[in-house]
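Below is one structure; the comments refer to it alone.
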Amino acid sequence: MSFVKGQMVKLIIGITMVCAFALPAAAQEMKIGVVSLPALIERAPQTKSSMDALQEEFAPRQREFLAKQKEYEEFQAKAQKDFAVMGETERRNAEKELRDLQREVTRLQTEFREDLNLRQNEEYGVLQRALLKEVQDYAQEQGYDLIVGDGVLFASNAVNITEEVLRAVEANYQATSAR
């Protein structure tokens with residue numbers, strides 16, 4: 001019987017010690033926030049600025065493509081009207097030129113889209129890294145212990161700090177662009 005009593009005393013002392021160490025950790029309040037990075041990227045002023053810069057960067061190539069496309073359409077319309085009165089050789093030459101123009105238009109369009117997508121992805125990556133840094137800075141300034149992003153299925157308004165972070169991002173953007 002004394003063996004069982006000794007084991008019970010040890011168990012009670014062990015449970016008491018675990019509770020004594022666990023209470024301060026449980027009593028300490030953790031500050032947790034949730035940020036929707038896609039919403040932040042979509043609404044950040046840096047996004048509009050980056051997309052405007054890309055639009056400006058690719059505008060000459062887009063004009064070139066549109067001009068070549070218009071040239072193709074005009075030549076195609078003219079050739080359609082003139083095919084009936086053209087000789088065989090002239091008709092083959094016009095068809096060949098039409099095919100060549102069509103290939104060139106397709107090539108220009110494909111190159112334009114690929115290059116634009118590549119640059120958009122590059123800019124998106126830069127933007128994403130910058131906004132993640134902004135979220136981290138905001139979290140440290142506000143004393144957050146944990147910020148959760150992607151993969152959150154539900155977050156109440158009490159922990160969703162996307163709007164506050166967006167206001168901080170906008171303020172930082174205005175401060176840096178005012179310089």
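The values are calculated or read from the model by the stated rules, or taken from the named source; none is laboratory data. Quick caveat, the model's predicted, so the values are computed rather than measured. Cβ: placed from backbone, ideal geometry, glycine included. Neighbour counts: every protein chain shown.
Brief remarks on what is shown
- Scope segment 49-66; condition of a type in the set (A, V, I, L, M, F, W, C) and surrounded by fewer than 12 Cβ atoms within 10 Å (Cβ to Cβ); matching residues: Ala59
- Filter result (closer than 12 Å to Leu37 by Cβ and surrounded by 13 or more Cβ atoms within 10 Å (Cβ to Cβ)) within segment 127-147: Leu127, Gln128, Ala130, Leu131, Leu132, Glu134, Val135, Ile147
- If you check Val169, Val165, Val152, Val85 for being at pLDDT below 95, surrounded by fewer than 12 Cβ atoms within 10 Å (Cβ to Cβ) and of a type in the set (Val, Ile, Thr), only one passes: Val85.
- Selection count where residues are over 19 Å from Glu42 (Cα atoms) and either in a helix (DSSP H, G or I) or among the basic types (Lys, Arg) (or both), scope segment 146-176: 2
- Hits in segment 25-48 - residues which are assigned to a helix (DSSP H, G or I) and either exposed (fewer than 14 other Cβ atoms within 10 Å of the Cβ) or acidic (Asp, Glu) (or both): Ala25, Ala26, Ala27, Pro38, Glu42, Lys48
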